[in-house]
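The values are calculated or read from the model by the stated rules, or taken from the named source; none is laboratory data. If you're wondering where the values come from, they're calculated on a predicted model, not measured in any experiment. For neighbour counting, all protein chains shown are included, and Cβ atoms are generated from backbone atoms with ideal geometry for every residue, glycine included. Ligands, DNA and RNA are stripped out before the accessible areas are found, and what is left, the full protein with its side chains, is counted by its heavy atoms. Shrake-Rupley method; radii C 1.70, N 1.55, O 1.52, S 1.80 Å.
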Amino acid sequence: MSRRTVSALPALAVILALLGAWELYVDLGGVDPLVLPAPHAVAASLYDDRGLLWSNFLVTAKEIALGIVAAMAAGFTMAVVIHFSPALRRGLYPLLVASQAVPVPMLAPVLALWLGFGLAPKVVVVALVSFFPVVVTTLAGFAAVDPELLKLMRTLDATRMQTFRRVELPAALPSVVTGTKIAIVVAVIGAVFAEWMSASSGLGYLFEQSVAQLEPARAFATTVILCALSIGLFAAMTLAERRLLPWAHQPKSEGDR
Amino acid sequence: MIQAPAQPAAEAQGFGVRVEGVCKTFRGRGSAVQALEGVSLRASPGEIVTVVGPSGCGKTTLLELICGLTGADSGTLRSDPAALMPQRDLLLPWLSAIDNAALPLRIHGLARDQARATAAPWLERFGLGGFEHARPAQLSGGMRQRVSFLRSLLAGKPVLALDEPFAALDAITRAEMQGWLARVLESEPRTVVLVTHDVEEAVVLGDRVVVMSARPGRVVQELHVKLPRPRRRTDPEVVALREAVLQALGVAA
């Protein structure tokens, strides 16, 4: 067994123990399956309803993917603009923080009103909730650049743009990735929420339908798929980071402070 | 600078460095720290001047003034264009050794292949052959300092401002690197201002040793080192000079 497999064992054991306890509680405790379905029932639904789950998964995955890409593009651009212009920083940053105070639950119905019941309002909600973490972490990445490094670039006669391209931008990339990881988690929540407000497909919609149709096992199965989507996106981001930015995670060697 | 030279030319001729009566105070919120108080220093073209003093005597400030990173409050300062070699190597962790060394060439507009082709023979010469594509994290401390020095050299400026270049290294590597630097400067003469708190390093490397006092930094003594190179640290004359510097610093011999 590889070291990574071994290190995953305790977590796996806890999950299995929890599932086991849940199963025993439902089977032996006389719990109404409409209130709490047993894990085996959820597993059965995952298999039986696979076609339904898959088609709705595709809808939600598309909303999240488009929303995050939009948030990354807009968030990164905004961070660069703010980084370059102190005036815009003073003008935009407070608004940016204040925008986070607007509750998305209030926004979603309005967006449905403006954009209809299709893909667009969901993508906008996902992008709105994902935008903030990307901007804030990217700005933090720019701010964390070693000032000595900027001095060095000046002695090398680097222009402002050269310093940005060769030092600030690469130095901030790991922060952009961190922001995107945070964005992924809130994006899934945002997508489900937007689907509850107005949708005819998607995992959030399927969940609501399943509860209404007294199909709790399917509702739980939907939740499992949502979790898997979230974890999968997060893992993909981590993997991309290791492949594309290997230097960001190298253990620092002796004397390198 | 419009075009970087294909090979950094041995630009020993020029003006050198002339610092006269320079004062510099850093003002913070409600406090002021006087870093330099009437410091005068001169480095003729091709001369190696070592500046030795206790921590916090404004040595780094002096180099920043020479490199034009900050201005003096009073006094005059004239210098040929200077490249800084920072105390920490400050290599970019995402670039390979060769790309770090070639960074000034890229900034001066050379294409990547051209910049690499220029830097490659230098890496070979500096004992970094085979490590061209290693990232800084994979290099030893001594190797990183050599890449950092090469980066300063490839900036193609007549003056090198070296800020405690070997302070972070272990004693053995430091001794090796001092010998190495002396040899490199023999074949690639530059006007050098090297600041250090290592008295031995100052005496072994310098044509002239400038001794500075603790804050506020002042020049307390200047010693000419007219010894042939390579110098041994056990040479009686080197030992005697070292004692003289220590005395000037107020450290009982």
Longest principal axis of chain A (C-alpha) makes with the long axis of helix A:104-115 (C-alpha) an angle, in degrees to the nearest 10, of 90
Going by a 1.4 Å probe on protein heavy atoms, which residues of the stretch B:37-78 end up with at least 50 Å² less accessible surface in the whole assembly than in their chain alone?
-> B:LEU69
Size of the A/B contact, given as accessible area buried on both chains, probe 1.4 Å, in Å² | 2400
How much accessible surface does A:SER55 have with a 1.4 Å probe, in Å² rounded to 10?
-> 60
Considering only protein heavy atoms, what per residue accessible area in square angstrom results for the stretch B:142-244 with a 1.4 angstrom probe?
-> 38
CD proxy, 222 nm, chain B: helix-only mean residue ellipticity via -39,500 (n - 2.57) per DSSP H run with n ≥ 4, per residue, nearest 500, stands at -9500 deg cm²/dmol
Carbon/sulfur accessible area of the stretch A:34-244, % of total, 1.4 Å probe, equals 74
Largest fluctuation, A:GLU195, A:GLU23, A:GLU215 only, Gaussian network model of chain A with Cα springs under 10 angstrom, belongs to A:GLU23
Residues along the stretch A:156-176 losing 50 Å² or more of accessible surface when the other protein chains are present rather than the chain by itself (probe 1.4 Å) = A:LEU156, A:ASP157, A:ARG166
Per residue, how much accessible area does chain A show when a 1.4 Å probe rolls over the protein heavy atoms, in square angstrom?
-> 55
Shielding by partners for B:138-146, please: the mean number of other protein chain Cβ atoms within 10 Å of each residue's Cβ.
-> 2
The protein assembly as shown - share of DSSP beta bridges that are antiparallel (%, nearest 5) = 50
Quick one: accessible surface of B:ARG106, probe radius 1.4 Å, all protein chains present, in square angstrom to the nearest 10.
-> 50
Over the heavy atoms of B:LYS59, what accessible area does a 1.4 Å probe trace out, to the nearest 10 Å²?
-> 10
List every residue whose amide H lies under 5 Å from the amide H of B:VAL220, counting only residues 5 or more places away in sequence or on a different chain, with H placed 1.01 Å from N in the peptide plane.
-> B:VAL211, B:MET212, B:SER213
Nearest-20 debye value, the stretch A:34-244 charge dipole, Cβ charges on Lys, Arg, Asp, Glu = 700
Dipole of the protein assembly as shown (Lys/Arg Cβ +1, Asp/Glu Cβ -1, origin at the Cα centre): which of B:THR70, B:ALA137, A:ALA70 lies farthest to the positive side?
-> B:THR70
Provide the per-residue ³J(HN,Hα) series for the stretch B:69-78, in order, calculated from phi with Karplus coefficients 6.51, -1.76, 1.60 and θ = phi - 60°, each as a whole number of Hz, with x at glycine and proline positions.
-> 7, 8, x, 8, 6, 8, x, 10, 9, 10
For the stretch B:210-216, in order, what is each residue's ³J(HN,Hα) by Karplus, 6.51 cos²θ - 1.76 cosθ + 1.60 with θ = phi - 60°, in whole Hz (x at glycine and Pro)?
-> 9, 9, 10, 8, 5, 3, x
Separation of alpha-carbon centers, the stretch B:223-249 and the stretch A:31-94, rounded to whole Å = 69
Taking amide hydrogens as modeled 1.01 Å from N in the peptide plane, which residues meet the under 5 Å criterion relative to B:ARG233, leaving out close sequence neighbours?
-> none
Other protein chain Cβ atoms within 10 Å, averaged over every residue that makes up B:104-115 | 2
Under the rule of -39500 (n - 2.57) per DSSP H run of 4 or more residues, summed and divided by the residues of chain A, what mean residue ellipticity at 222 nm is obtained, to the nearest 500 deg cm²/dmol?
-> -27000 deg cm²/dmol
Quick tally, 1.4 Å probe accessible area for A:CYS227, B:CYS67, sorted with the most first, runs A:CYS227, B:CYS67
For helix A:203-212, report the angle its Cα long axis makes with the longest principal axis of the Cα atoms of chain A; keep it between 0 and 90° and round to the nearest 10°.
-> 30
Using θ = phi - 60° and the Karplus curve 6.51 cos²θ - 1.76 cosθ + 1.60, what whole-Hz ³J(HN,Hα) does each residue of the stretch B:176-181 get, with Gly and Pro shown as x?
-> 4, 5, 5, x, 4, 4
Per residue, how much accessible area does the stretch B:29-105 show when a 1.4 Å probe rolls over the protein heavy atoms, in square angstrom?
-> 34
Under 14 Å from a point 7 Å along the Cα-to-Cβ line of B:GLU186: which residues of the stretch B:147-162 have their amide N that close?
-> none
Quick one: dipole size for chain B, taken about the Cα centre, charges +1 on Lys/Arg Cβ and -1 on Asp/Glu Cβ, in debye to the nearest 20.
-> 360
Within the accessible area of the stretch B:91-156, what % is carbon and sulfur when the probe is 1.4 Å and the other protein chains stay in place?
-> 49
Using DSSP, restrict attention to beta bridges with both residues in the stretch B:130-233 and report what percent are antiparallel, rounded to the nearest 5.
-> 50
Once both axes come from the Cα atoms, what is the angle between helix B:112-125 and the longest principal axis of chain B, in degrees from 0 to 90, rounded to 10?
-> 60
